[in-house]
Amino acid sequence: MGQVRVGIGGRTYPLSCGDGEEGHITALAALLAAKADELTAAIGTMSEPRLLLMAGIQVADELFAARNGGATAPIAPAAGAADDERYAALLARVETLAATLEAGRD
């Protein structure tokens, strides 16, 4: 069994993976780390669960668009909206979801 250590949001996580998958897992984690860094730069420090949730949702949104020929996920504003508007709408939805999830943990 392979082992890797990945860094996201200033923390390091040890992960197990299949033999030979180390490079792929490291590359995927680097993508998630880049999203987390972008979020932190854009909106500041946040809790680790919220940061990972928001970064994961951004990656999922990109995957959704790629699978649907460029069509964005339903969380985006109307067609033709500027990237900044789309990002703001996505961020608002993620914040709402994160707050809901955090409230449910109490």
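The values are calculated or read from the model by the stated rules, or taken from the named source; none is laboratory data. In this text, all values refer to a predicted model and were calculated from it rather than measured experimentally. Every residue, glycine as well, gets a Cβ built from its backbone with ideal geometry; the counts of neighbours run over all protein chains shown. Quick note on the areas: whole protein, heavy atoms, side chains included, nothing else; ligands and nucleic acids left out. Shrake-Rupley method; radii C 1.70, N 1.55, O 1.52, S 1.80 Å.
Quick one: how many residues across the range 43-53 are within 10 Å of the chain's Cα centre (by Cα) and farther than 16 Å from Arg11 by Cα?
Qualifying residue count for the region: 0.
Which of the residues spanning the range 1-22 are farther than 15 Å from Leu51 by Cα, open to solvent by 50 Å² or more (accessible area, probe 1.4 Å) and not acidic (Asp, Glu)?
Met1, Gln3, Arg5, Pro14, Leu15, Ser16, Gly20
From the list Ser47, Ser16, which one is farther than 17 Å from Ala89 by Cβ, touching a residue at least 40 places away in the same chain (Cβ under 8 Å) and small (Gly, Ala, Ser)?
Ser47
Here's the yes/no breakdown for (1) assigned to a helix (DSSP H, G or I); (2) modelled with pLDDT of 85 or more; (3) exposed (fewer than 11 other Cβ atoms within 10 Å of the Cβ):
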{"site": "Glu38", "(1), (2), (3)": "yes, yes, no"}
{"site": "Ala42", "(1), (2), (3)": "yes, yes, yes"}
{"site": "Met46", "(1), (2), (3)": "no, yes, no"}
{"site": "Gly56", "(1), (2), (3)": "yes, yes, no"}
{"site": "Ala60", "(1), (2), (3)": "yes, yes, no"}
{"site": "Phe64", "(1), (2), (3)": "yes, no, no"}
{"site": "Thr72", "(1), (2), (3)": "no, no, no"}
{"site": "Glu85", "(1), (2), (3)": "yes, no, no"}
{"site": "Glu102", "(1), (2), (3)": "yes, no, no"}
